[in-house]
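Working notes for the structure below.
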Amino acid sequence: MEEEKYFRPNWDDYFMALARIVATRGTCDRLRAGAILVKDKRIISTGYNGSPPGLPHCDGKEGHLMEEGHCIRTIHGEHNTILQAAKIPGASTDGGTLYCTYGPCMHCCKYVVAAGIKRIVFGKVYRAEQAIKYLRNAGLQVDIYEEKKDINDFFSNLFQRQIEVMKPKEGDVKLRNE
């Protein structure tokens, strides 16, 4: 039997996969978006589309709060990520990279620029293509993540397997009698 080759995702694949998981926490069923702020390859904060703490969610009995065709009940994932970082003592958004499942709206672009984020990676352009131009004009590196079938398959299969139980060989572990 051939041993399965170990797959180690690159940083963009890794953080984009995590952003997709973060998006599952979203409470606005019009778009479940997620974002992760990273600095020096370390996760600073995460965010998803959802209402402020203690307020009703779109997917609850209150429903959406619509204004000019947009739901305004929730805070967008990008904005929530920046706000979460603000609550962490000593955390800094300055110079970070923001990974998002969707391209930010123009409002979130302003927050991203003001927070000093230097790179943004997103999965899909959502509505505002002018956002890319806006971010680049502000000096950000803007990358549209290119999904790869083999990576998607790897992460999909990862969640279909159980977590491995590693047992030491007999004699490797000795317990002390206390």
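The values are calculated or read from the model by the stated rules, or taken from the named source; none is laboratory data. These numbers come from a predicted model, not from an experiment. Note that each Cβ is placed from the backbone with ideal geometry, even for glycine, and that neighbours are counted across all protein chains shown. Heavy atoms of the whole protein, side chains included, go into the accessibility calculation; ligands, DNA and RNA do not. Shrake-Rupley method; radii C 1.70, N 1.55, O 1.52, S 1.80 Å.
Can you find a residue in the range 93-104 that is modelled with pLDDT under 95, farther than 23 Å from Leu18 by Cα and of a type outside the set (Val, Ile, Thr)? Taking every residue of the range 93-104 in turn, none turns out to be modelled with pLDDT under 95, farther than 23 Å from Leu18 by Cα and of a type outside the set (Val, Ile, Thr). Selection within the range 23-33: residues that are part of a loop (DSSP other than H, G, I, E, B) and of a type outside the set (S, T, N, Q). The member of this set that is surrounded by the fewest Cβ atoms within 10 Å (Cβ to Cβ) is Asp29.
Results for (1) in a strand (DSSP E or B); (2) open to solvent by less than 20 Å² (accessible area, probe 1.4 Å); (3) out of contact with any strand residue (DSSP E or B) (no Cβ under 6 Å at 6 or more places or on another chain), shown as yes or no for each residue.
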| residue | (1), (2), (3) |
| --- | --- |
| Phe7 | no, no, yes |
| Met16 | no, yes, no |
| Ile21 | no, no, yes |
| Ala35 | yes, yes, no |
| Leu55 | no, no, yes |
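Taken over the range 31-78, residues that are within 17 Å of Gly123 (Cα to Cα) and of a type outside the set (Asp, Glu) amount to 14.
When Val112, Val121 are screened for being at pLDDT 95 or above and in contact with a Cys (Cβ under 8 Å, 6 or more places away or on another chain), only Val121 passes.
Looking at Lys124, Lys133, which is the one that is surrounded by fewer than 13 Cβ atoms within 10 Å (Cβ to Cβ) and in contact with a Phe, Trp or Tyr (Cβ under 7 Å, 6 or more places away or on another chain)? Break it down stepwise before answering.
Working: Lys133 fails: in contact with a Phe, Trp or Tyr (Cβ under 7 Å, 6 or more places away or on another chain).
Only one candidate passes the filter, namely Lys124.
Just to verify a result, which residue in the range 136-150, among those that are over 16 Å from Thr97 (Cα atoms) and open to solvent by less than 90 Å² (accessible area, probe 1.4 Å), is nearest to the chain's Cα centre (by Cα)? Among those residues, the one meeting the criterion is Glu147.
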